[in-house]
Structures are given as C-alpha cells and as structure tokens.
Amino acid sequence: MPRSARTTHPVFARCYAALAPLSEGFGGPGLRRELLAGLRGSVVEVGAGSGLNFPHYSTEVTDVVAVEPEAHLRQRAGRAALRLKPPPRLLVVSGRAENLPLPPDAFDAGVLSLVLCSVDDQSQALQELRRVIRAGAELRFFEHVRGGQVAGPVQDWLDPLWTRLAGGCHLNRDTANAISTNGFRVVASRSVQTRVLGVPIPGPEFILGRAIKV
C-alpha cells in the first residue's frame, strides 16, 4: 500500500480504501488466494493496507503480524481483523517496511502485497523483511512493476506526478530484480495483466510469485 517517509496520507488513504474493494472485481480475491496458498505457521505481512488479504489466510496459518504505517489504513485493517473468525490470530501494528518493529528470525513466511512500489528504499525494506523471517522461509509477493517497451516509457514520464498524487507509489520499479538481489532466490513468478470479464486490457503489469530467503 502506498506510503513514503511521511506515512500519513489522509486524502489518498481514504480514496485508496474506498476504491480498493472495487478492484477486487477484477480478479483480486483469486490472486490473493494464490498469493497466500500453502502458507503455514507465523506470517508477517508488510504493508497490510486495509486488510484485504486477511480473509484469505488458511487455517494452517497460526498467527499474522500485519504492519501498516498509514494511520487510516491501519485502523481499517484493525477492524477487518476483528471481523475474522480464528484462526489465525491477527495483530495489526504500526511500522515502516524499512524499520520493522519486530525481532529477528521470528516468522515462518513474509508477505508483500502492493507495497514495494511505494517504500522509500526497496533494498532496505527487503533486507528488513529478510531479517525477521527464519532461514529458508518463503517470501510471497504480489507487486505492480514497470511495463514493457510501450508502457514502460509512459510510466517513466508519468512517475513524478503519479508519485505525488498516489501517496509515494512509483509506476516504474524493477521489483523482481530488487527481490533477487537482496537475499532472496525467486522460485516462481508470473506476470498478471488487468482483465475485465476475463479479457486482458491495457493497464498496470503485476508480478505474483514466491522466493526463498538465502
């Protein structure tokens, strides 16, 4: 969820929280289930936003610590957590991806969902996540990334204005490369294109996949 060093974006956060459920109509629930499928034990989710992932954690997950820096989104995530039936035990906490308020080697898996587009420092955020998950643990990621030869240059041109309007979100980051060069080995990754009624439409490109802490 978009954020920057100034982690309170009240107008954008309210717009994001209002519009995010609409995006679920474009296949969001299925992608979230795929993102979280097979996770077990304790999980840290960085950039939890308003908690849209929460209903898709399986009963094999015993507890989730969801970190969210933006105050309005964190409040909404807290309410979403209260609506869940246990398991899992779910705790929503304040914190930034680059400085997680968590002990080392504490979690069996980490989850990043539409957050690496907007952290101030991707490398630092990934190294922090690597610090708090155990050796050999999985990282699950679902992120939007820079497009190809046609979309990429347009995203580069729009990025400065978009970043100001969208709470620090960047359109043109090479997130797959950032993951693989910051202590993770990507074991599965696929591109996801925006679809309406099953038909691909021009728009943001996403990657969904798994990596292992090395």
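Modelled this way, with points 7 Å down the Cα-to-C-beta line, the labels at Leu84 and Gln124 are 2.8 nm from one another. Overall shape: prolate for the range 105-178, with the ratio a/c of the largest to smallest alpha carbon gyration tensor axis at 1.5 or above and a/b above b/c. Take the range 59-137 with all the other protein chains still there, run a 1.4 Å probe, and you get 45 Å² of accessible area per residue. Karplus-based coupling profile of the range 57-62, in residue order and whole Hz: 6, 7, 6, 6, 8, 7, with θ = phi - 60° in 6.51 cos²θ - 1.76 cosθ + 1.60 and x standing for Gly or Pro. When all alpha-carbon pairs of the range 81-214 are counted, what percent fall beyond 17 Å? I get 64 percent for the Cα pairs in the range 81-214 exceeding 17 Å. Surface composition of the range 74-214: carbon and sulfur atoms hold 57% of the protein heavy-atom accessible area at a 1.4 Å probe.
With the simple spin-label model, which puts each label point 7 Å out from Cα in the Cβ direction, the Trp162 to Ile212 separation comes to 3.4 nm.
Relative contact order for the range 119-179: 38 percent, from Cα pairs under 8 Å spaced at least 6 residues apart, divided by residue count. Maximal additional length on extending the Asp105-Ser189 stretch stands at 27.8 nm, based on 0.36 nm per residue less the C-alpha distance.
Our summary of shape: the Cα atoms of the range 27-103 have principal axis extents of 27, 27, 21 Å, ordered from largest down, in whole angstrom. Other residues within the sphere of radius under 13 Å centred on the Cβ of Thr62, judged by their own Cβ, net out at -1 (K and R +1, D and E -1). The calculated FRET efficiency for the pair Arg134 and Val154, based on their C-beta separation and a Förster distance of 35 Å, comes to about 0.30. Working from label points 7 Å from Cα in the Cα-to-Cβ sense, the Ser58 to Ala71 distance is 3.9 nm.
The values are calculated or read from the model by the stated rules, or taken from the named source; none is laboratory data. Every value quoted in this text rests on a predicted model; they were computed, and no experiment measured them. Here Cβ is always computed from backbone atoms with ideal geometry, including for glycine, and neighbour counts include all displayed protein chains. Surface accessibility is based on the protein's heavy atoms, side chains included, excluding ligands, DNA and RNA. Shrake-Rupley method; radii C 1.70, N 1.55, O 1.52, S 1.80 Å.
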